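Please treat every number below as a calculation from the coordinates, not as lab data. Computed from a prediction, not measured in an experiment: that's the story for all the values here. Cβ atoms come from the backbone with ideal geometry, glycine included; neighbour counts cover every protein chain shown.
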Amino acid sequence: MGALQSLPGQAEYCDLTAKTGFSFEQIGVLRKRFKQLSHNEETLRRDHFNEIHDLTFNPIRAQIIEAFFDRRNFHEDGQGKVREIGFEEFVVVMSHFRPPSLHMTEEQREKIRKEKLRFLFNMHDTDNNGTITLEEYRHVVEELLSRSGTLEKETAKSIADAAMLEVASISVGHMEPDEFYEGITFEHFLKLLNGFEIESRMTIRF
Amino acid sequence: MAVLSPARRSSAPRLTGLLCLLFLIFFSHAFAGRDAASGKDRNSSGAIREDSHNQTNSTAHKKAFPVLSFEYEHVKRPFEISLWILLALLMKLGFHIIPTVSHIVPESCLLIFVGLLVGGIIKATGETPPVLDSKLFFLYLLPPIILDAGYFLPIRPFTENIGTILMFAVVGTLWNVFFIGGMMYAVCQIDAAKLGGVDLLSCLLFGSIISAVDPVSVLAVFEEIHINELLHIIVFGESLLNDAVTVVLYHLFKEFAHDKAMTVTGTVLGVISFFVVSLGGIMVGVIYGIVGAFTSRFTSHTRVIEPLFVFLYSYMAYLSAEVFHLSGIMSLIACGVIMRPYVEANISHKSYTTIKYFLKMWSSVSDTLIFIFLGVSTVAGPHAWNWIFVLFTVVFCLLSRVLGVIGLTAFINKFRIIKLTKKDQFIIAYGGLRGAIAFSLGFLLTEDENKDLFLTAIITVIFFTVFVQGMTIRPLVELLAVKRKKESKESINEEIHSQFLDHLLTGIEDVCGHYGHHHWKDKLNRFNKTYVKRWLIAGERSTEPQLISFYNKLELKQAMMLVESGSAAKLPAIVSSVSMQNSETKGLTRRRAIPTISKSREEEIRRVLRANLQKTRQRLRSYSRYDLVSEPYEDNMSEALFRKQRAMERRVSFNAGSKAYVLRFGQVHISDLSTNSVTILTLTDVLESNDIEYLFICSVLNKTWENMFLKRNKNNMFLISVLRVRDLTGLKVIWAKKNKQTDL
């Protein structure tokens, strides 16, 4: 406990640990990283992220960066984007990748699953309207395949189309001739990735 | 020879199976007996032959030409081997015909039991039953099983849990060796046991033989219980990787026991030797793997021998490692793992199937033979039964396993993201089965007074683990409600999200700044893509991203499924999702108008469809290996063209009457050959109007010339349900037969 007295803003950290579930040490590490990324300023902006060298090879770089500035990831009812984020928001976004703890009840596990899937959903749903439309899904697949070089756009499109139809056939039983399947809603998304075990897959070591 | 009659219901096949079993046992015994007494026979038969020969020579015109003669000697060896293998396979067949037993008792137990029976019969007639020869085991029976396991090793869970696996394999085995060795030495000190002749080093040697978890037994038992991937890969991976430890300790203690002394330098050398053995083995495997992958790059003109390259390179890797006393198992695994992604990108689909089936076949035969021989050897071998020794061995084996697992898990869980629960620990501990490797190692011991004692104890432990633990693990798994293996349905959404998640996690790790698991995996992938793949994969496939290969494979699989399983008249029931452009200009009301077709038309359509389908099917079958028809799936060049064509055009066309119908992406082009005019219609038009006689739908997930059509009459073949996504129209086909509606 002695090491903690050197950390500034200890009361604020207690808040954060309660909110996000990180330990004191982990928050300390994140704080250091935050300072490093922001060059000791108080807030992070998009160009700070652009400086991270390792991210350049990542095909979904833009979406990852956007996820940090998306208010929906900060708390339940957020809307829209921000231009810069503070340390608290940084930690909150990171907390989506915490591993589930060993002893959890079923509903805690379910809650964590929903949170993580919500994060993914927000990454896909770029226009914020609550559904992933075909265009947005196509964009996702194109970005994924964008680094592979020689690729016809047709293939990416047909993969996205096939995926979309798969969702439609899973989620919707029977459609009237006038009905349209507007897009993947969050419930359909949950159903789609039901067997995916996301609570253990979407984690990194802190 | 007994021939199994075609399977009729109920008891007839069982009866025939049993009869056949008995027949075979007696037959084999007869031959085994024959060869054991071969000395006498050979001479006598030789004499007879010589006699007749002489006679023939001297009285050529007197003695008639032998129409039928009996000469067994020169086919003796292959005959016996084949007979044993046949016996083993018939046993296996027999068990699956008798369903009730195979549900309760795992196959390995039954096979050992049969081995005991056969051994007993052979012994009862006074001959010596064959023993499981160590050379036979290590050189011929073990490699196929290991190669099968290594080639199809699921890489992702293996690498994700590699730390855990190594801990169990190395530290766990070391703990087992020293605990069992030490405790057995303590037991030997008890005067009542009369085991004074067993010294510490011998005990440690014994410990090193008995400690290792055996991959053959683990595979045999775990395959049947279908537990979740994590536990399976931990126990199985441990059984594979502990080979290095076993090899080193076995040789080390053998040396020490021989010299009756343990030296410090010896121990240090032992530690060094461990690293040499394991890393050297892996390196040998990697070298052979790369050479094998490189060779497969050039096999596009000689498809028939492709599988052989895989088998031979792997076997050479194993043998080369054994030459240097390196770990052959690790070498084999490394070779298979390295070779597989590149070879699979290069070889034809048929070769892939061949490799898969041959590996499964060989490993199945090996596995069966091993267990039967274990049973026979038990009856055969000289035994020295000492109650205390054997009992305490079994007890300490169990105890050390449990303690080891608990201790190690407590340590490992500090580093794992997904911790191992108590249930997991129980299964890991309970799954520590011993098997034939321990027996063979014991058999290789030099003949001294302790060898029989050790062998008996080893066999008892093997029997205990395989019978007791093997039989009870299935009900225990169900009792404890351990997570089972989840059925993998290949869904393109999951694949997309798998990839997405990989990149996402790598990105987040980069933002966080520490180089974790994903970062290195990503770096390795990039290295692989830019440098290695270019050398080892032929043609354009080297640059194909994984998602696309997955997608193509999925399509190909569904296409082949469709073509192979149905004729035109009864097309199989699948959900065929079709993607077509919705012409947005027509915002008409959409009634589900399905055109009606006259009877004669229907017949014509059926005929044309059948012809088309048969053409496709003919292409898939090829008879002679000298003129393999160049099929779209096999020839690399035409496959690339084929793919391009599909991706670009996606057309289906055929002629009927004077009209040619071409289905392009979402549109039907009807060219009237007589008038040379072309009409273009969209799906919407077709659905709306009654003029179009039939519609051919080419499924997005199946890009061959499989045609289905809609029609409606009293006995509806199928209904169509329309799925409309904005900008996209799909058709979901639901099969309806008479009153039953099967919706897939």
Q: Can you find, among B:Phe168, B:Leu117, B:Met183, the residue farthest towards the positive end of the dipole of the stretch B:63-192? Put +1 on the C-beta of Lys and Arg, -1 on that of Asp and Glu.
A: B:Leu117
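Within the stretch B:290-332, list the chymotrypsin sites (Phe, Trp or Tyr not before Pro) lying in a DSSP loop whose Cβ has at most 12 other Cβ atoms in a 10 Å radius. Present the calculation step by step, with values, prior to reporting the outcome.
Values: sites: B:Phe294, B:Phe298, B:Phe309, B:Phe311, B:Tyr313, B:Tyr315, B:Tyr318, B:Phe324; in loops: B:Phe298, B:Phe324.
Loop-located and lightly packed - B:Phe298.
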Q.
Given contacts defined as C-alpha pairs under 8 Å and at least six residues apart, what's the relative contact order of the stretch A:39-90, whole-number percent?
A. 43 percent
Q: Pairs of Cα atoms under 8 Å, at least six residues apart: use those to get the relative contact order of chain A, whole percent.
A: 20 percent
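The stretch A:9-96: percent of C-alpha pairs farther apart than 18 Å?
Numbers: 1747 of 3828 pairs.
Taking all Cα-Cα pairs of the stretch A:9-96, the fraction more than 18 Å apart is 46 percent.
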Q | Farthest toward positive dipole pole in the stretch B:134-480 [+1 Lys/Arg, -1 Asp/Glu at C-beta], among B:Pro475, B:Ile282, B:Tyr342 | A | B:Tyr342
Q | Additional length obtainable on full extension of the chain from A:Ala62 to A:Arg33, 0.36 nm per residue less Cα span | A | 8.4 nm
Q) Averaged across the residues of B:411-420, what count of C-beta atoms belonging to other chains lies within 10 Å of each residue's C-beta? A) 3
Q. Within 10 Å of each Cβ of A:58-67, how many other protein chain Cβ atoms are there on average?
A. 4
Q) Can you give me the Cα centroid spacing of the stretch B:327-389 and the stretch B:188-258 in angstrom? A) 18 Å
**Q.** Relative contact order (%) - the stretch A:9-96, alpha-carbon pairs under 8 angstrom, separation at least six
**A.** 30 percent
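What does the average come to when, for each residue of peptide B:507-520, you count the partner chain Cβ atoms lying within 10 Å of its Cβ? Before the final figure, lay out each step's value.
Working: counts 13, 11, 4, 10, 14, 9, 9, 5, 1, 3, 2, 2, 2, 0.
Per residue, the number of nearby Cβ atoms from other chains is 6 on average.
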Q | Charge dipole of chain A about the Cα centre (unit charges at C-beta), most positive-ward option of A:Ala168, A:Ser158, A:Phe49 | A | A:Phe49
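Calculated FRET efficiency, A:Lys81 and B:Leu308, Cβ-Cβ r, R0 60 Å, to nearest 0.05?
With R0 = 60 Å, the Cβ-Cβ based efficiency is 0.50.
First select every other residue whose beta carbon is under 14 angstrom from the beta carbon of A:Arg72; then total the charges, Lys and Arg +1, Asp and Glu -1.
Values: positive: A:Arg71, A:Lys81, A:Lys114, A:Lys116, A:Arg118; negative: A:Glu66, A:Asp70, A:Glu76, A:Asp77, A:Glu89, A:Glu115, A:Asp125, A:Asp127.
In short, -3.
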